[in-house]
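The structure under discussion appears below in the form of structure tokens.
Just so you know, all these numbers are worked out from the coordinates, no wet-lab data involved. Just so we're clear, the structure is a prediction, and the values are computed from it rather than from any experiment. Cβ sites come from the backbone with ideal geometry, for glycine too, and all protein chains shown count toward neighbours.
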Amino acid sequence: MEFSSKLLENAVDAMSQLPGIGKRTALRLVLHLLKQPEAKTELLTRRLQEMRANINFCSNCHNISDQTLCEICANPNRDKQLICVVEDIRDVMAIENTSQYRGHYHVLGGKISPMEGIGPGDLTISSLVEKVKEGEVTELIFALSSTMEGDTTNFYIFKQLSGMDITTTTIARGISVGDELEYADEVTLGRSILHRIPFETSLKNN
């Protein structure tokens, strides 16, 4: 792709680093921004800078938050005894959109994937185990994507909790095997949460 301006080329290169954005899409977005009033572009830049500089991670569940505690963990009406284990913020948003879940979350920050060099120590598994050891949590819901990496992560956590007095369930397989959680529709995801099954049962079915 030939550019008449090095500044334009640099902007397109930077934009194309975003997931799912190729060079042609990046060029279209950059040209769109170029046509907008300067104030709009400055506002976008300022909002991104503010987010990067000031955003926090919840000290309890590791969800993205503006405060030390996210709104879910700070809500006294949420059930602290019930924790839904998810991969990232997108899964929290997907489950919240179903309006079927009133417990807390624990965001792992990814899933175990040796191919990508991601091991248990790269995730927030240790803080989850410590939370369970405190004794207030009565049930963990595994809500990771139905992939090999997701199942491996579920099983690893399950083994770490061996001998502890806690119920472990997994969302019902209304979510197809191999599907990413964030792309599931609200009805299917909501039913999966409501009709969760014991994790041991899911091991027998694999």
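Only helical DSSP H runs with n ≥ 4 go in: add -39500 (n - 2.57) per run for the chain, normalise by residue count and round the 222 nm mean residue ellipticity to 500 deg cm²/dmol.
That comes out to -13000 deg cm²/dmol.
Under unit Cβ charges (Lys, Arg +1; Asp, Glu -1), what dipole magnitude, rounded to 20 debye, does the chain have relative to its Cα centre?
Details: 21 positive and 28 negative charges, 68 e Å.
The dipole magnitude comes to about 320 debye.
Which of the GluC sites (Glu not before Pro) across the stretch 109-147 are loop residues per DSSP, with 13 or fewer other Cβ within 10 Å?
Answer by residue number: Glu134, Glu136.
With 10 angstrom as the radius, rank Lys6, Lys131, Lys40, Lys111 by how many other C-beta atoms surround their C-beta, starting from the fewest.
With the sparsest Cβ surroundings first, the list reads Lys6, Lys40, Lys131, Lys111.
For Arg196, Arg47, what's the fewest-to-most ordering of other Cβ within 10 Å of each Cβ? Don't jump to the answer; show the numbers that get you there.
Values: Arg196 19, Arg47 10.
Ranking Arg196, Arg47 by Cβ neighbours within 10 Å, fewest first, gives Arg47, Arg196.
For Asn60, which sequence-distant residues (separation of 5 or more, or a different chain) have an amide H within less than 5 Å of its own amide H, given hydrogens modelled in the peptide plane?
The list, which skips near neighbours in sequence, is Cys70.
Find the relative contact order for the chain and round it to a whole percent, using C-alpha pairs within less than 8 Å whose residues are 6+ positions apart.
So the answer I get is 15 percent.
Put +1 on the Cβ of each Lys and Arg and -1 on the Cβ of each Asp and Glu in the chain; which of Leu189, Leu31, Leu18 then has its Cα farthest toward the positive end of the dipole?
Most positive-ward Cα: Leu31.
Connecting C-alpha atoms closer than 10 Å in a GNM of the chain, tell me which of Leu18, Leu43, Leu140 has the biggest fluctuation.
Leu18
Taking springs between alpha-carbon atoms closer than 10 angstrom, which of Leu34, Leu161, Leu48 fluctuates most in the Gaussian network model of the chain?
Most flexible of the set in this elastic network: Leu34.
Among Glu182, Glu38, Glu71, rank each residue by its count of other Cβ atoms within 10 Å, from fewest to most, as a rough exposure measure.
Going from sparsest to densest Cβ surroundings: Glu38, Glu71, Glu182.
When DSSP beta bridges are limited to those with both residues in the stretch 58-205, what percentage is antiparallel, rounded to the nearest 5? It would help to have the intermediate numbers written out before the result.
Values: 3 of 16 bridges.
Roughly 20 percent of the DSSP beta bridges within the stretch 58-205 come out antiparallel.
When the chain is modelled as a GNM with alpha-carbon springs shorter than 10 Å, which of Ser162, Ser59, Ser192 fluctuates the most?
Ser162
With charges only on Cβ, +1 for K and R and -1 for D and E, what is the dipole size of the stretch 6-54 about its Cα centre, in debye, rounded to 20?
Dipole of the stretch 6-54, to the nearest 20 debye: 140 debye.
Could you please state, rounded to a whole Å, how far the C-alpha centre of the stretch 138-169 is from the C-alpha centre of the stretch 43-104?
Between the Cα centre of the stretch 138-169 and that of the stretch 43-104, the gap is 21 Å.
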